[in-house]
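Peer 1: I have a structure I would like to understand better, so I am pasting it below and will then ask my questions one at a time.
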Amino acid sequence: MAEVTTSVAALRWRDGLELLDQRLLPARESWLPVATAGAAARAIQALVVRGAPAIGLTAAYALASEARADPELTHLRRAARRLASSRPTGADLARAVQHILRVIEEAPQEQRFERALAAARALHEADAAACLAMGEHGVALFHGGSVSLLTHCNAGALATGGIGSALGIVRALHARGRLARLYACEARPVLQGARLTAWEAVRDGIPCTLLADGAAASLLARGSVQGVVVGADRIAADGSVANKVGTYALALAAARHAVPMVVAAPTTTFDLTCPTGDSIPIEQRGGEEVRRVRRARVAPEEVDVYNPAFDVTPPDLVTAIVSERGVARPVNAVTVRGIAP
Ligand code: MRU
């Protein structure tokens, strides 16, 4: 079997944090240096970097950078709060910030930067390893020969510190010669599927077909895919899954056509303090994302917009949740606890 790998990365440390500016993809590959926690928080809000695990890693490195500039604790606690509140839905962000802040608080002042950077690097490596493990666990869910899979948004290398969560499964199948085709929903309004997933696939030689979000139900009805694979931003204790808006509609259509709905997420995305999906905060974003497609206006300026960035899929519509610790199937509070941190 070929090695399961990718040529894509969302972030890197080169004596400072650099982010691949995902707003510019697929037209341009440009790395943006991010020197401060404030700059990182603004980059997270503006979707320079996005995807729950990649956001968490960005915040971890940004807090380390801040400790180099000023290792004083009051300052670093303020920077940590700013980072943790930059986007509300993904669970990885607050977890990563809390972890690095704890490392900083336990270190002598002159070692805060080195220790925080080492901890951020360790989180990065752990996420890359989790992606590989999810790929292996996910492959086992699809028996027999080649399969075609449908995905939504981008849960790939651009969203994680490794080969991706949902796209980790896709890449693991592809490396075994068992992926017939990846179908990618475009994911309006921000088009993470069209701009990012399709780009990753083309770049890594993964056969990919792009479709408008509204075409997904008919693709499922035709029997063209053997599974839907998506990532998650936060998984509640009962197995409810917050992910990119449109995931719930895909889950409903998949259930109607008896297609397995598989969610892949590292344990950093689980939040057992949320008992159900109702307690997951859902980010509402500005109306201009919907009134425009990129720069082009496609709706009147005056029209009201409903623009939740995420939706919640209830556990009874999820066939399996895959983490690096294994597979929850069926999805319920007991099985989720078995693969949670
Ligand atoms: O708004 P985004 O682009 O940050 O939303 C990303 C998603 O919904 C992903 O599916 C999720 O973060 C999982 S990424 C491994």
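The values are calculated or read from the model by the stated rules, or taken from the named source; none is laboratory data. Here the structure is a predicted model, which means the values were calculated and not measured. Positions of Cβ are backbone-derived with ideal geometry, glycine not excepted, and every protein chain shown enters the neighbour counts. These area figures cover heavy atoms from the full protein model, side chains too; ligands, DNA and RNA do not enter into them. Shrake-Rupley method; radii C 1.70, N 1.55, O 1.52, S 1.80 Å.
Peer 1: Can you tell me how many residues in the range 294-318 are open to solvent by 50 Å² or more (accessible area, probe 1.4 Å), more than 23 Å from P88 (Cα to Cα) and not basic (K, R)?
Peer 2: Within the range 294-318, residues that are open to solvent by 50 Å² or more (accessible area, probe 1.4 Å), more than 23 Å from P88 (Cα to Cα) and not basic (K, R) number 7.
Peer 1: Also, I was wondering about something else. Within the range 35-58, take every residue that is open to solvent by 10 Å² or more (accessible area, probe 1.4 Å) and among the polar types (S, T, N, Q) and give me the one that is farthest from the ligand (Cβ to nearest atom).
Peer 2: T36
Peer 1: Still on this model: If you check R112, R178, R203, R102, which single one turns out to be charged (D, E, K, R) and touching a residue at least 60 places away in the same chain (Cβ under 8 Å)?
Peer 2: Result of the check over R112, R178, R203, R102: R203.
Peer 1: Follow-up. Taking the range 128-148 as the region of interest, how many residues are in contact with a helix residue (DSSP H, G or I) (Cβ under 6 Å, 6 or more places away or on another chain) and buried (at least 24 other Cβ atoms within 10 Å of the Cβ)?
Peer 2: 4
Peer 1: Related question: Looking only at the range 105-127, filter to residues that are hydrophobic (A, V, I, L, M, F, W, C) and open to solvent by less than 30 Å² (accessible area, probe 1.4 Å); which one of those is farthest from D278 (Cα to Cα)?
Peer 2: Among those that are hydrophobic (A, V, I, L, M, F, W, C) and open to solvent by less than 30 Å² (accessible area, probe 1.4 Å), it is A107.
The rows are residues; the columns are (1) among the hydroxyl-bearing types (S, T, Y); (2) touching an Asp or Glu at 6+ places or on another chain (Cβ under 8 Å); (3) open to solvent by 40 Å² or more (accessible area, probe 1.4 Å).
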position	(1), (2), (3)
R188	no, yes, yes
A201	no, no, no
G205	no, no, yes
G214	no, no, yes
A217	no, no, yes
V225	no, no, no
V230	no, no, no
I235	no, yes, no
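Peer 1: Only one residue in R256, R325 is without any contact (Cβ under 8 Å) to a residue 40 or more places away in the chain, assigned by TED's automatic domain parsing to the domain that holds R171, open to solvent by 50 Å² or more (accessible area, probe 1.4 Å) and of a type outside the set (S, T, N, Q), so which one is that?
Peer 2: Residue meeting the stated conditions: R256.
Peer 1: Out of all the residues in the range 125-160, which are more than 14 Å from the ligand (Cβ to nearest atom) and touching a Leu at 6+ places or on another chain (Cβ under 8 Å)?
Peer 2: Residues satisfying the conditions are V139, F142, S146, V147, S148, L149.
Peer 1: Being more than 16 Å from the ligand (Cβ to nearest atom) and among the acidic types (D, E): is that true of D316 here?
Peer 2: yes
Peer 1: Which of (1) under 24 Å from L317 (Cβ atoms); (2) touching a residue at least 12 places away in the same chain (Cβ under 8 Å) does S218 not meet, given it meets every other one?
Peer 2: (2)
Peer 1: Would you pick out the residues in the range 161-190 that are within 15 Å of V230 (Cα to Cα) and near the ligand (Cβ under 10 Å from one of its atoms)?
Peer 2: G164, S165, A166, L167, G168, A187
Here is a yes/no grid of residues against (1) more than 16 Å from the ligand (Cβ to nearest atom); (2) in a loop (DSSP other than H, G, I, E, B); (3) among the hydroxyl-bearing types (S, T, Y); (4) surrounded by fewer than 17 Cβ atoms within 10 Å (Cβ to Cβ):
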site: P33; (1), (2), (3), (4): yes, no, no, yes
site: T74; (1), (2), (3), (4): yes, no, yes, yes
site: R78; (1), (2), (3), (4): yes, no, no, yes
site: R82; (1), (2), (3), (4): yes, no, no, no
site: S86; (1), (2), (3), (4): no, yes, yes, no
site: T89; (1), (2), (3), (4): no, yes, yes, no
site: A96; (1), (2), (3), (4): no, no, no, no
site: V103; (1), (2), (3), (4): yes, no, no, no
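Peer 1: When V245 is evaluated against the numbered criteria (1) within 14 Å of the ligand (Cβ to nearest atom); (2) open to solvent by less than 10 Å² (accessible area, probe 1.4 Å), which criterion, by number, is the only one it fails?
Peer 2: Among (1) within 14 Å of the ligand (Cβ to nearest atom); (2) open to solvent by less than 10 Å² (accessible area, probe 1.4 Å), the lone unmet condition for V245 is (2).
Peer 1: Okay, next question. So which residues in the range 263-290 are buried (at least 24 other Cβ atoms within 10 Å of the Cβ) and not in a loop (DSSP other than H, G, I, E, B)?
Peer 2: If the condition is that a residue be buried (at least 24 other Cβ atoms within 10 Å of the Cβ) and not in a loop (DSSP other than H, G, I, E, B), then V263, A264, T268, T269, F270 are the ones that fit.
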